[in-house]
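J.: Take a look at this one; I'll ask things after.
The values are calculated or read from the model by the stated rules, or taken from the named source; none is laboratory data. Quick caveat: nothing in here was measured; it's all calculated off a predicted structure. Cβ coordinates were reconstructed from backbone atoms using ideal geometry, including for glycine residues, and neighbour counts include every protein chain displayed. Ligands, DNA and RNA are stripped out before the accessible areas are found, and what is left, the full protein with its side chains, is counted by its heavy atoms. Shrake-Rupley method; radii C 1.70, N 1.55, O 1.52, S 1.80 Å.
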Amino acid sequence: QVQLVESGGGLVQPGGSLRLSCAASRTIFSIYSMGWYRQAPGDERELVAVITIGGSIKYADSVKGRFTISRDNAKNTVVLQMNSLKPEDTAVYYCLTKTGGNDYWGQGTQVTVSS
């Protein structure tokens, strides 16, 4: 059973930065994409950023220019660098790895942006 383990969440002031990492417990084969989603209380889970195995990247409009996604294919890890954080970025952030036959979700890490 593959597990995705997220780290790097926490409390930060508006304008601050956080770096989220997601690592797989073992090698995952046939990865199509790796990405980050978030869910705030009362809201649906939404895409934040995704990167395909070929390197194509998509960001939510709300984070463009502030967040950067990167991945290490050999290590099955994906990183989300979050800068200029805003209170509306507060949510539980989840990583997702998609393969040809399965989707693997992490357990989530809380990000709180507050003064």
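J.: At what distance in nm do the modelled label points of residue 25 and residue 45 sit from each other, each positioned 7 Å from its Cα along Cα→Cβ?
T.: Taking the two extended label points, one gets 1.7 nm.
J.: Quick one: accessible surface of residue 99, probe radius 1.4 Å, all protein chains present, in square angstrom to the nearest 10.
T.: So the heavy atoms of residue 99 present about 20 Å² to solvent.
J.: Under 22 Å between alpha carbons: how many lysine pairs meet that in the chain, if sequence neighbours fewer than 8 apart on the same chain are excluded?
T.: Number of lysine pairs found: 5.
J.: Could you give the accessible area per residue of region 15-115, probe 1.4 Å, as a whole number in Å²?
T.: Averaged over the residues of region 15-115, the accessible area is 52 Å².
J.: Here is a further query. Amide H to amide H under 5 Å from residue 32: which residues, 5+ apart in sequence or cross-chain, H placed 1.01 Å off N in plane?
T.: Answer set, sorted by chain and number: 98, 99, 100.
J.: Pop out the carbon and sulfur fraction of the accessible area of the chain as a percent, whole number, probe 1.4 Å.
T.: Carbon and sulfur together cover 47 percent of it.
J.: Here's something else I'd like to know. If I take R0 = 25 Å and measure r between the Cβ atoms of residue 66 and residue 5 in this structure, what FRET efficiency does the formula 1/(1 + (r/R0)^6) give, to the nearest 0.05? Mind dumping the intermediate values first?
T.: Numbers: r = 25 Å, r/R0 = 0.98.
Calculated transfer efficiency: 0.55.
J.: For the pair residue 84 and residue 32, what calculated FRET efficiency results from E = 1/(1 + (r/R0)^6), where r is the Cβ-Cβ distance and R0 = 41 Å, to the nearest 0.05? Don't jump to the answer; show the numbers that get you there.
T.: Values: r = 30 Å, r/R0 = 0.73.
Between residue 32 and residue 84 the formula returns 0.85.
J.: May I pose another question? Where the centre of each part is set by its Cα atoms, how far does region 5-56 sit from region 71-115, in angstrom?
T.: Comparing the Cα centres of region 5-56 and region 71-115, I get a distance of 1 Å.
J.: Sequence-distant or interchain residues sharing an amide H contact under 5 Å with residue 90, placed H: which?
T.: Under 5 Å from the amide H of residue 90: 113.
J.: Let's see if you can work this out: charge +1 on each Lys and Arg Cβ, -1 on each Asp and Glu Cβ, no other charges. What is the dipole magnitude of the chain about its Cα centre, in debye to the nearest 20?
T.: 320 debye
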